[in-house]
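K.L.:
Structure provided below as structure tokens; questions to follow.
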Amino acid sequence: MVRDPSPTQFEVRPADWLSLDEAQSRIFTEASRLPAEVVDVQDSLGRALADDLEATATLPPWDNSAMDGYAVIGEDIAGASPSAPVELIVTTALRAGEVRGGPVETGHAIRIMTGAPVPPGADSVVRVEDTDAEASPGSVRVLGDRDRGRNIRPAGADMRVGDVVLLAGQVVTPGTVAALSALGLTSVPVVRRPSVAILSTGDELRTPEQYDDVRNGVGIPDSNGPMLSAAVAHASGIPIRLTSARDDVHDLRERIENASDADVLVTIGGASMGEADLVKRVLDDLGFEQSFWRVRMRPGSPFGFGWLPREGGKQPVFGLPGNPSSAFVTFELFVRPFLLALAGHKHILRRTVRCVAGEPLTGPEDLACLLRVGLDSASHPPAVTLVGPQGSGLVRTLSAAHGLAMLPAGTREIAKGERVDVMLIDDAPAAEPYRGV
């Protein structure tokens, strides 16, 4: 429907125009860790530990063998060689899980398996490859002395009672699960995941069930809502998808008020100065305390952050631009680290690697520019090239990008072959490895 012309309703709002660093600093200083909760170890993957965790047992609990072979006294095998083997009497055998028996005496050996307790008196384990493997039953010929004083893992080499093994803020990985199991834990204290209400706005948005409108050219897909729901889940958050709101004050207000229980509210669209950009107006009517609006960056400059008064406190609100690439980039730079901080993570920023430009990379000189790029890991350092057109309304490049090439404000161009920092965003399990970084 074409509306009749009416007096302009463009919003004129003072812009703060913070630098990227200033905006991040202002947001991150407002992030306070959420309370802890106890979950099963198997449900803790990806969560941040809430407390330091100490060992309550010594591991390994005894000196144990690092090899399959023979526990011996080192002096007994001194000088052993294939041409001058040392023959020892084999008295018994020890396997992992068995209680060690009597001591090893001079001239004797005990057959031992990896992980088995080293018997008293033994100070060396000769690997089976350096013996004749008891070709004559009851005795073993040692063919070398390279294992004198070796292949014994001492008790407590891994941890001792009272050692701090895991630190608060450490993310639980499969390796962490191994350590938790070694501590004898079946449940673990982790920081609660923040709940995040996600509100897409715009009369033009269509869900998959309404995709015929897209085919007929009367709507656009709501890709932002699903994208940011996935991004929230990937950032230790719990996404709460709110139904897309129309460009209507009453509809927006109702949906924003219904999101009051969420730890964080993320709005998408309605963030600029158009007649239908109503989100900021509705927030203002609800008592919104704006921290800042607009950042010197591209894409994503019409980004804002502030607080809504809610029962029992204040709710952080992120106002993301509606263009998909702008929403994605501002989420990565501002919202994702904030959510990770709420969730107790120690490391909240993406990894950045130093690469070289595989082609000229250009941006506006007065703004920090973040370009969607792919990495060629066959080169060292990796060469980066644009994955396609960089318009903020485009979606395809988001799925193709390995990272965001960062052109600082004041940099008009990075020439081919020059160094460029890239923030990695490709965490897919099958992602190409970054060699030589």
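The values are calculated or read from the model by the stated rules, or taken from the named source; none is laboratory data. Values in this document were obtained by computation on a predicted structure and should not be read as measured data. All Cβ positions, even for glycine, are placed from backbone atoms using ideal geometry, and neighbour counts span all protein chains on display.
Yes or no, residue by residue, for (1) over 22 Å from the mean Cα position of the chain (by Cα); (2) of a type outside the set (S, T, Y); (3) farther than 30 Å from V104 by Cα; (4) in a loop (DSSP other than H, G, I, E, B):
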{"site": "I27", "(1), (2), (3), (4)": "no, yes, yes, no"}
{"site": "R33", "(1), (2), (3), (4)": "no, yes, yes, yes"}
{"site": "E37", "(1), (2), (3), (4)": "no, yes, yes, no"}
{"site": "D51", "(1), (2), (3), (4)": "no, yes, yes, yes"}
{"site": "P61", "(1), (2), (3), (4)": "yes, yes, no, yes"}
{"site": "G79", "(1), (2), (3), (4)": "yes, yes, no, yes"}
{"site": "E87", "(1), (2), (3), (4)": "yes, yes, no, no"}
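K.L.:
Another question, then. Tell me, please, whether a residue that is of a type in the set (S, T, Y) and closer than 13 Å to A66 by Cβ can be found in the range 123-134. Full working, then the answer.
P.N.:
The first filter runs over the range 123-134 and keeps only residues of a type in the set (S, T, Y), leaving 124, 131.
Those still in the list that are closer than 13 Å to A66 by Cβ too: 124.
The answer is yes, given that some residue of the range 123-134 is of a type in the set (S, T, Y) and closer than 13 Å to A66 by Cβ.
K.L.:
Quick check on my filter: what residues within the range 342-376 are more than 26 Å from T29 (Cβ to Cβ), of a type in the set (V, I, T) and under 24 Å from the mean Cα position of the chain (by Cα)?
P.N.:
V353, V373
K.L.:
Which condition breaks for E98 when tested against (1) touching a residue at least 24 places away in the same chain (Cβ under 8 Å); (2) surrounded by 12 or more Cβ atoms within 10 Å (Cβ to Cβ)?
P.N.:
Here E98 meets the rest and fails (1).
K.L.:
Report whether or not A109 is surrounded by 12 or more Cβ atoms within 10 Å (Cβ to Cβ), touching a Leu at 6+ places or on another chain (Cβ under 6 Å) and outside any loop (DSSP other than H, G, I, E, B). Can you show your working first?
P.N.:
Working: surrounded by 12 or more Cβ atoms within 10 Å (Cβ to Cβ): yes; touching a Leu at 6+ places or on another chain (Cβ under 6 Å): yes; outside any loop (DSSP other than H, G, I, E, B): yes.
Against the criterion (surrounded by 12 or more Cβ atoms within 10 Å (Cβ to Cβ), touching a Leu at 6+ places or on another chain (Cβ under 6 Å) and outside any loop (DSSP other than H, G, I, E, B)), A109 qualifies.
K.L.:
Among the candidates A262, A276, which residue alone is at pLDDT 95 or above, more than 30 Å from M406 (Cα to Cα) and in a loop (DSSP other than H, G, I, E, B)?
P.N.:
Numbers: A276 fails: at pLDDT 95 or above.
From the options A262, A276, the qualifying one is A262.
K.L.:
Please work out which residue is surrounded by the fewest Cβ atoms within 10 Å (Cβ to Cβ), limiting yourself to the range 185-242 and to residues that are assigned to a loop (DSSP other than H, G, I, E, B) and within 21 Å of the chain's Cα centre (by Cα).
P.N.:
Start the filter on the range 185-242 by keeping residues that are assigned to a loop (DSSP other than H, G, I, E, B), which leaves 185-186, 192-194, 202-204, 207, 216-219, 222-223, 235-237.
Pick out the ones that are also within 21 Å of the chain's Cα centre (by Cα) and you get 192-194, 235-237.
Working: R192: 20, R193: 22, P194: 23, A235: 25, S236: 24, G237: 27.
The qualifying residue surrounded by the fewest Cβ atoms within 10 Å (Cβ to Cβ) is R192.
K.L.:
Out of all the residues in the range 89-106, which are closer than 30 Å to G175 by Cα and in a strand (DSSP E or B)?
P.N.:
L94
K.L.:
On to the next question. Looking at the range 143-158, is at least one residue in contact with a helix residue (DSSP H, G or I) (Cβ under 9 Å, 6 or more places away or on another chain) and either outside any loop (DSSP other than H, G, I, E, B) or under 30 Å from E257 (Cβ atoms) (or both)?
P.N.:
No - not one qualifying residue is present in the range 143-158.
K.L.:
For V282, are the conditions met, namely being free of Cβ contacts under 8 Å to residues at least 40 places away in the same chain, assigned by TED's automatic domain parsing to the domain that holds E332, touching a helix residue (DSSP H, G or I) at 6+ places or on another chain (Cβ under 9 Å) and over 18 Å from K314 (Cα atoms)?
P.N.:
Working: free of Cβ contacts under 8 Å to residues at least 40 places away in the same chain: yes; assigned by TED's automatic domain parsing to the domain that holds E332: yes; touching a helix residue (DSSP H, G or I) at 6+ places or on another chain (Cβ under 9 Å): yes; over 18 Å from K314 (Cα atoms): no.
No: the conditions fail for V282.
K.L.:
Is the range 146-160 home to any residue that is of a type outside the set (S, T, Y) and within 23 Å of the chain's Cα centre (by Cα)? Even if it seems obvious, please write down each step before you answer.
P.N.:
Of the range 146-160, the ones of a type outside the set (S, T, Y) are 146-160.
Filter once more, so that each one left must be within 23 Å of the chain's Cα centre (by Cα): none.
No, the range 146-160 has no match at all.
K.L.:
Continuing with this model, one more query. Could you figure out which of (1) more than 24 Å from A179 (Cα to Cα); (2) without any contact (Cβ under 8 Å) to a residue 24 or more places away in the chain; (3) part of a loop (DSSP other than H, G, I, E, B) isn't true of E134?
P.N.:
Only one criterion is unmet by E134, namely (2).
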